[in-house]
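Data first, discussion second: the structure below is written as structure tokens.
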Amino acid sequence: PPLEEILSLHDFEAVARRTMGKRGWNYYSSGADDEITMRENHNAYHRVWFRPRILRNVGTVDYSSTILGHKTSMPVYITATALGKLGHPEGEVTLTRAAGKHNVIQMIPTLASCSFDEMVDAAIPNQVQFLQLYVNADRSRTKKIIKHAAERGVKALFITVDAPQLGRREKDMRTKFVGNASSQQTQGGDNFKRDQGAARAISSFIDPSLNWNDLAELKEAAGEMKVILKGVQCWEDAVMAAEYGCDGVVLSNHGGRQLDFAPSPLTILPQVVSILKQRGYMTPSRPFEVFIDGGVRRATDVLKAIALGATAVGIGRPMIYAMSTFGEEGVSRAFEILKDEFEMNMRLIGAPTLADVVPNMVDISSLNAA
Ligand code: FNR
């Protein structure tokens with residue numbers, strides 16, 4: 001279908017399913033085991049309802065946001081997804097360009113198909129990029145990546161902590177991996193397990209011995225860059241991240257691709273935020289930002305997360321489906337759709353700015369009910 005007929009982020013997925021190559025579709029769309037967590041990521045949003053307010057002068061609405069000190073057009077960022085060339089011959093630079101055009105932050109994946117420098121070079125002046133970091137067993141390699149990222153102006157490191165081993169994604173494992181991960185970590189004699197799908201092929205780059213004691217060293221290497229843990233799944237670890245001096249966490253189950261029956265980030269968000277605040281974090285004197293990702297497809301999803309205390313929300317699959325089906329223009333269209341949805345839904349809930357999207361704008365009484 002022509003791009004103008006794409007009306008929602010769901011539509012990109014429907015087109016991708018029909019038109020993408022099998023290898024790419026199986027890698028992008030799969031979740032771990034029975035995909036219960038992957039589905040729950042969506043379902044959890046269906047258990048939160050708005051408490052709309054009236055007569056609040058929504059003549060103009062402003063959904064611009066600030067993420068880790070950087071102004072963005074909306075409280076959404078492109079989260080890291082590996083192997084972009086399985087979906088589009090130009091790979092992740094298409095995301096970079098659309099993000100630049102729409103003032104959205106891109107999180108560069110360690111295991112991208114394009115090289116790190118290609119993605120930085122594709123950015124416009126002052127475009128903000130973050131880096132998702134898989135920590136390699138060879139720490140000197142990881143430190144080199146961190147140092148290079150700092151030199152190239154990356155503003156924050158998102159250390160992925162939910163993948164000491166990559167999950168079993170059976171759909172993906174049924175297709176053999178013909179690799180095109182060209183990034184730093186994949187070069188240099190690693191042992192590719194090519195016969196079991198893309199995920200297994202790249203899993204050998206991740207160090208399962210990574211632990212809290214490694215953080216000081218990584219933080220020091222990061223220098224001025226902020227450090228956020230991506231893949232936190234309970235309040236205890238969010239508190240530990242704050243105590244270890246991190247600048248934030250992403251509540252995430254990796255899009256349901258790791259531990260099946262991990263909880264949806266939305267269901268733990270209220271408790272995480274409330275306990276962090278009780279302990280004095282998330283205040284002007286001790287800033288700490290909480291992000292979530294997984295299952296976000298609508299601005300209403302994002303607004304629910306904002307109401308419950310998230311700074312912003314990461315979007316994964318819809319971006320790579322948009323890229324795979326319509327390239328850079330598709331990704332741009334995805335941002336336009338989200339912007340339209342923000343404008344309309346903020347009017348309808350009675351919130352002229354994101355600061356007005358407060359906890360009592362949502363009803364979470366069924367979120368964690370049996
Ligand atoms: C991912 N994700 C991911 N995360 C990460 O830290 N490093 C990575 O290399 C990848 N790779 C990756 C590939 C693909 C195909 C997907 C779908 C996801 C997880 C990603 O950052 C994010 O947590 C989820 O994608 C969020 O869920 P949705 O938006 O895809 O539902």
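Every read-out reported here was derived from the displayed coordinates using simple, explicitly stated rules and does not represent laboratory data. For clarity, every value in this text was computed on a predicted model and none was experimentally measured. In this analysis, Cβ positions are derived from the backbone assuming ideal geometry, glycine residues included, and neighbour counts consider all displayed protein chains.
General observations
- Here, P(r) means the percent of Cα pairs in each 5 Å bin from 0 to the largest distance; for segment 234-342 it is 2, 12, 20, 20, 17, 13, 9, 5, 1, 0.
- When ASP33, ASP247, ASP301, ASP117 are sorted by how many other C-beta atoms sit within 10 angstrom of their C-beta, beginning with the fewest, the order is ASP117, ASP33, ASP247, ASP301.
- Overall, the anisotropy analysis places the chain in the rounded class: the square-rooted eigenvalues a ≥ b ≥ c of its C-alpha gyration tensor yield a/c less than 1.5.
- Available extension along the chain between ASP138 and MET240 is 34.2 nm, counting 0.36 nm per residue and deducting the alpha carbon span.
- Highest to lowest packing among 319-327, 161-169, scored as the average C-beta count within 10 Å: 319-327, 161-169
- Global form of segment 67-144, assessed from the alpha-carbon gyration tensor, a/c cut-off 1.5: oblate
- Overall Cα dimensions of segment 279-370 - principal axes, largest extent first, Å: 45, 33, 30
- Cross-link partners of LYS101 among aspartates and glutamates (Cα-Cα below 14 Å; sequence separation of 8 or more within a chain): GLU328, GLU329, GLU336
- Along its first, second and third principal axes, ordered by size, segment 1-151 spans 57, 38, 33 Å in Cα coordinates.
- Label-point separation in nm, ARG18 to SER204, each point 7 Å along Cα→Cβ: 4.0 nm
- Among HIS42, HIS10, HIS254, the ranking by other beta carbons within 10 Å of each residue's beta carbon, starting with the fewest, stands as HIS10, HIS42, HIS254.
- Based on DSSP H segments of at least four residues, each scored -39500 (n - 2.57), the chain has a per-residue ellipticity at 222 nm of -11500 deg cm²/dmol.
- Gaussian network model of the chain, Cα within-10 Å springs - most flexible of GLU336, GLU40, GLU151: GLU151
- For segment 78-117, the spherically averaged projection of the C-alpha convex hull amounts to 2.5 nm².
- A Gaussian network model of the chain, with springs between Cα atoms under 10 Å, assigns the largest mean-square fluctuation among THR96, THR142, THR110 to THR142.
- Highest-MSF residue in the chain out of GLY245, GLY100, GLY223 [GNM, Cα springs under 10 Å]: GLY223
- Summarising the label geometry, the points placed 7 Å from Cα in the beta-carbon direction at ASP117 and ILE54 lie 6.2 nm from one another.
- Here the chain is treated with +1 on each Lys and Arg Cβ and -1 on each Asp and Glu Cβ, and its dipole about the Cα centre works out to around 200 debye.
- Each residue of segment 80-95 was assigned a 3J(HN,Hα) from its phi angle through the Karplus curve 6.51 cos²θ - 1.76 cosθ + 1.60 (θ = phi - 60°); the sequence is 6, 9, 6, 6, x, 6, 5, x, 8, x, 8, x, 5, 5, 5, 5 Hz, with glycine and proline shown as x.
- Positive end of the dipole of the chain (Cβ unit charges, origin at the Cα centre): among PRO1, LEU303, PRO125, the Cα lying farthest that way belongs to PRO1.
- Averaging the sequence gap over all C-alpha pairs within less than 8 Å and six or more residues apart, then dividing by the number of residues, gives the chain a relative contact order of 28 percent.
- Placing +1 on the Cβ of every Lys and Arg and -1 on the Cβ of every Asp and Glu, with nothing else charged, gives segment 1-126 a dipole about its Cα centre of roughly 460 debye.
- Cα centroid separation - segment 116-158 against segment 304-370, whole Å: 27 Å
- Gyration tensor (alpha-carbon) shape descriptor, segment 220-291, a/c threshold 1.5: oblate
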